[in-house]
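J.: Could you have a look at this structure, given as structure tokens, before my questions?
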Amino acid sequence: MSGKTALIVLAHQERTSFNYAMKEATQAALQKNGWTVLVSDLYEMKFNSVLSRDDITGSPKEPSEFKYGAEVLIAWQEGRLADDIKEEQKKVEKADLVIFQFPLYWCGMPALMKGWVERVLCIGFACSYETLYSEGPFKNKKALLSFTTGDPSSMNSPNGINGDINIILWPLQNGILNFCGFKVLEPQITFAVAHIPQEARVEILKNWEKRLKTIWDEKPIRYLPTQDFEGEAGGFLLKKEVEEARSDDKYSPTIGQHLGKALPPDSQVKADCARS
Ligand SMILES: Cc1cc2nc3c(=O)[nH]c(=O)nc-3n(C[C@H](O)[C@H](O)[C@H](O)COP(=O)(O)OP(=O)(O)OC[C@H]3O[C@@H](n4cnc5c(N)ncnc54)[C@H](O)[C@@H]3O)c2cc1C
């Protein structure tokens with residue numbers, strides 16, 4: 001029995017969708033394995049995805065020149081965030097693992113889920129210049145993107161017309177999850193979900209349930225630790241000695257820190273991607 005807590009954040013309008021079926025399968029499988037499962041079904045909740053002054057209660061510090069980030073940081077420190085944000089933050093605090101379940105829209109999360117990220121994972125609570133990436137507030141938590149696509153995997157390959165799925169994943173997995181400190185688990189991608197046979201979808205659900213049995217023990221995707229960078233806030237450049245130590249590597253350290261080299265193949269979909 002795991003004794004751990006998971007939060008599923010779901011963004012799909014329809015209960016007959018494959019995304020909803022994935023959410024149901026996740027919830028049932030984790031509960032069966034002893035997890036406590038919290039769910040944020042964003043459409044069902046009619047979650048407000050729009051940032052505004054209403055995200056803080058009480059008087060803003062600078063009402064005539066309102067700066068969202070600065071005001072939200074103070075509101076978070078003083079416990080003055082809007083109730084819906086606080087509720088979601090409590091769920092994140094409780095969660096050991098956060099699973100984002102969504103259909104890929106325009107190479108990213110649906111706007112509703114992006115709004116959840118923007119409002120809930122606010123500065124102070126989820127990130128700051130003092131606690132970045134591997135030092136992030138959620139460094140003891142894990143997170144995973146589980147999503148479906150319209151297009152087949154071939155279209156999202158290095159010579160496919162959409163380009164490499166790893167590049168699409170970099171800003172989501174590195175820029176959001178890793179930025180807040182989450183250990184990022186391999187994404188669960190169901191390509192071309194509406195265009196594959198029914199039996200294939202049933203099999204995907206079964207395999208996902210199987211994966212969930214040992215999900216907590218999975219190795220996370222590799223990113224460079226914060227200690228590999230130096231400089232004050234606004235700097236943060238890769239240390240020369242780290243770059244030099246990797247000078248013989250065939251591939252770049254990551255997709256983002258490519259140093260003009262070949263990108264490490266499948267580094268955003270596999271925890272054990274090639275380095276040299
Ligand atoms: C605004 C927008 C932008 C988009 N951008 C992109 C993009 O950038 N890249 C891209 O690739 N795609 C894109 N798409 C396509 C989108 O990603 C797919 O439509 C979506 O992933 C399909 O997922 P779904 O859950 O809605 O599938 P559904 O169509 O709801 O389901 C697929 C099939 O699964 C079946 N099903 C449901 N439950 C079960 C179950 N329990 N067992 C077995 N089968 C089941 C359903 O009956 C259906 O036949 C975009 C779509 C929109 C609307």
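The values are calculated or read from the model by the stated rules, or taken from the named source; none is laboratory data. Keep in mind that this is a model prediction, so the values were computed, not measured. Reconstructed Cβ throughout: ideal geometry from the backbone, glycine too, with neighbour counts over all protein chains shown. What goes into the accessible areas is simple: the full protein's heavy atoms, side chains included, and nothing from ligands, DNA or RNA. Shrake-Rupley method; radii C 1.70, N 1.55, O 1.52, S 1.80 Å.
J.: Counting every Cα pair in the range 223-276, what percent are over 12 Å apart?
T.: Of all Cα-Cα distances in the range 223-276, 65 percent exceed 12 Å.
J.: Using a 7 Å offset from the Cα along the Cα-to-Cβ direction at both Y105 and A271, what is the distance between the two label points in nm, to one decimal?
T.: 3.1
J.: Right, next: Taking the alpha-carbon centroid of each part, what is the distance from the range 32-87 to the range 115-144 in angstrom?
T.: 14
J.: Using a basic spin-label model with each label point 7 Å from the Cα along Cα→Cβ, how many nm lie between K219 and R53?
T.: Each label point lies 7 Å from its Cα, and together they span 5.2 nm.
J.: Further, regarding this structure: Calculate, for A28 and E65, the FRET efficiency according to 1/(1 + (r/R0)^6) with r their C-beta to C-beta distance and R0 45 Å; round to the nearest 0.05.
T.: Calculated value: 0.35.
J.: Let me check I've understood the local charge: for K261, count other residues with C-beta under 10 angstrom from its C-beta, Lys and Arg +1, Asp and Glu -1. What total comes out?
T.: It works out to a net charge of +1.
J.: If you average the C-alpha positions of the range 1-16 and of the range 155-201 separately, how far apart do those two centres end up, in angstrom?
T.: Using only Cα atoms to place each centre, the spacing works out to 18 Å.
J.: Quick check: pseudo-label points 7 Å beyond the Cα along Cα→Cβ at E243 and A192, how many nm apart are they?
T.: 4.2
J.: Sticking with this structure for a sec: What number does the range 95-165 give for Rg over Rh if you use C-alpha atoms and the Kirkwood radius?
T.: 1.06
J.: If you don't mind, another one. Given charges of +1 on the Cβ of Lys and Arg and -1 on the Cβ of Asp and Glu, with all other atoms neutral, how large is the dipole of the chain about its Cα centre, in debye to the nearest 20?
T.: So the dipole magnitude of the chain works out to roughly 680 debye.
J.: Hey, another quick one. In vacuo Debye scattering of the chain, one point per C-alpha: log10 I(q)/I(0) at q = 0.10 Å⁻¹?
T.: These q points yield log10 I(q)/I(0) values of -0.57.
J.: Here is a further query. What accessible surface, in Å², does a 1.4 Å probe find on M45, ignoring ligands, DNA and RNA and rounding to the nearest 10?
T.: Only protein atoms counted, so the area is about 80 Å².
J.: What base-10 log of the normalised intensity I(q)/I(0) is obtained for the range 1-129 from the Debye formula, alpha carbons as equal point scatterers, at q = 0.13, 0.21, 0.22 Å⁻¹?
T.: Rounded to two decimals, the profile gives -0.59, -1.20, -1.27.
J.: If you stretched the chain out fully between D41 and S17, how much longer would it get, using 0.36 nm times the residue separation minus the C-alpha to C-alpha distance?
T.: Extra length available between D41 and S17 comes to 7.3 nm.
J.: Among 243-256, 138-151, what's the highest-first ranking by average C-beta atoms within 10 angstrom per residue?
T.: The most tightly packed comes first, giving 138-151, 243-256.
J.: What's the tally of Lys pairs in the range 135-276 whose alpha-carbon atoms lie under 19 angstrom apart, where the two lysines are 8 or more places apart or on different chains?
T.: Summing the qualifying lysine pairs gives 24.
J.: Plugging the Kirkwood radius over Cα pairs into Stokes-Einstein for the range 64-186, at a temperature of 4 °C and a viscosity of 1.567 mPa s, what D comes out in µm²/s?
T.: 83
J.: A follow-up question, please. Note down the net charge around E65, summing +1 for each Lys or Arg and -1 for each Asp or Glu among other residues with Cβ under 14 Å from its Cβ.
T.: Summing Lys/Arg as +1 and Asp/Glu as -1 gives +1.
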